[in-house]
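Here is the structure we will look at, set down as structure tokens.
None of the figures in this text is laboratory data; all of them are computed from the coordinates on show. Source: prediction; values computed, not measured. Positions of Cβ are generated from backbone atoms using ideal geometry, with glycine treated the same way; all protein chains shown enter the neighbour counts.
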């Protein structure tokens, strides 16, 4: 037996360290269609050094530009990519292009300005995406930290790639399950690589023995050993059998007769022997290469011994110990291939990470397991049920046992986990398999999109999702991209004004600014495009547009005595809940020279349910003298105590209360209660949606002084509005 000192070990001094050679720059590709993001990124990373190297920033503003620049640049370490640019999938298309254009080692970080707009988990896995963040999350510290870890990963992967080319067959076998033909593939790769390294050896074999076996059996052979598979070494050659029984250290090269051997053994006792006929002296460089190669063989063989156990876990979520996405996709693939009927169902149970943060891993895990048991009972164990993402189950229901009513009934009941009552708000979608694409990947995408659609538009419901709903979702996505483009170019956007009047005199006392949008010749209702804007983070840009239009109009038109006509602009709760929005708004007002007597703001009643950020920003606007009205009052959010603490100047009665009003019912109506409440709080009151003289009379009888509605004027372009109410052009 040779001594340990005769064994040469892998020299790992070439591994990536925290201080690689200086003098080179890491190439960082920054892709975003917002020039301000480029400026902010350049400022943030100015003079930053990572692992003693500077950063070379490569900026691109579109998919095509990014592809062109990536083709010109070599060894891009990290790409920071905006998900949504000129199209909804521009960022993901760039990810695919980078991987297809040989940027396999580049680390990918996705960021977006649209909260909740996240890529599919399958995309993250398939294209090795290292992270997904909103732009607000990427602070300077986090961005530099991400770049540091990504660059370290890039350098490590690149170094491993350099030694990968000669081991493709071994790597391929290690990725497969531990089956007989995969072991043969592994052995064949070992034999081919060893004979190639020795240049000229034409005969050799690889043999193996299971942990509980006695004899070594030939797995594969070449030259004089070709066709000997399955035979024992003792049957073929005594020297070979002696090689196997020799007492040598693992991975050590040794010689017996005309054979050079390498022997490997797992912790469980399985043995692998590679033997080559060596009819010449082996030089030191070749021995060094073989020792290096032996290390890789040993790792690969150890991995093969673990694959059987890994196979069991391949279809199990390790945290929840439930079937996972692999199990769901396999069942879906089989169903699609066999053209079976049935349903594909997705059930969102809860925000898993939020439950982990609030109650701990144990409670969150037990909640999902309890939900799984309910679904199993509902399907009588006849369906594939699997965890397809955090907090979400996928179900293959080939017998159509499920319905929205059954799922709702099973999932709505409160859970009691470790003495804690939990009442999540589940959502589910049921899709006919016949309505899905034939491709498994496209089918998974379609079902996932269905759940996203329902959760974004009607969370907490259980629905059958078919072609009409899919077309509605498709239209929503088209409008989202068009609105994103138009919010930058302002094409198709127009600000209308609707008068607010003194109900006694009929005199116009103000106007509400109402945004209108036309896309490809179609007038898109605000009821449709405003929620899209709020979900996509576009409301700030739209508010800025309305303010600029209001400022231009305010400079151009006044009453004949020089008084301005105040314009009320609606603010979105999506913006008010974002820290810093109030500062931005006040800065816009200052730059546009819009004074409190020229501009006012309206906020929906949801403000009463908001957190401290929105309320603090409302108080800041009021402190600067701007009037704020509570819009759509009476729809169910506010209480008298809440109203007393908020700085509102007026309450606007929702049109749904005015619509049913008559002079006879005025005194006993909810409108009368709201008017009395406004008087009690010292606020003005404005009735919306007045369309008839009868409604105006009823509103006046209860003491409401101001109103708005079609009776006094429909929303109209600003120029037409000015003429209709008799404003004069300003001389300034």
Quiz item: When the convex hull of the Cα atoms of region 480-596 is projected onto a plane and the area is averaged over all directions, what value comes out in nm²?
Solution: 8.6
Quiz item: Using the per-residue mean of other Cβ atoms lying within 10 Å as a proxy for protection, in what order, highest first, do the peptides 703-712, 404-413 fall?
Solution: 703-712, 404-413
Quiz item: Between residue 719 and residue 694, what length comes free when the chain is fully extended (0.36 nm per residue of separation minus the Cα-Cα distance, one decimal in nm)?
Solution: 6.0 nm
Quiz item: Share of antiparallel DSSP beta bridges in region 22-162, in percent to the nearest 5?
Solution: 5
Exercise. Sort out for me the Cα centre separation of region 654-672 from region 430-480, rounded to whole Å.
Key: 41
Quiz item: For region 316-465, what is the convex hull volume of the alpha-carbon atoms per residue, in Å³?
Solution: 98
Practice problem: Provide the packing ranking of 429-436, 658-665, i.e. peptides ordered by the mean count of other C-beta atoms within 10 Å per residue, highest first. | Solution: 429-436, 658-665
Quiz item: Order of 522-530, 71-79, 384-392, 327-335 by packing, highest average Cβ count within 10 Å first?
Solution: 384-392, 327-335, 71-79, 522-530
Quiz item: What is region 22-162 by shape, rounded, prolate or oblate, if you read a ≥ b ≥ c off the alpha carbon gyration tensor as root eigenvalues and call it rounded for a/c under 1.5, prolate for a/b larger than b/c, and oblate otherwise?
Solution: rounded
Exercise. Would you mind pulling out the separation of the Cα centroids of region 367-393 and region 520-569, in Å?
Key: 48
Quiz item: At 25 °C and 0.890 mPa s, what whole-number value in µm²/s does Stokes-Einstein give for the translational diffusion of region 676-732, with Rh from the Kirkwood sum over Cα pairs?
Solution: 184
Exercise. Let me have the relative contact order for region 22-162, percent, based on Cα pairs under 8 Å that are six or more residues apart.
Key: 23
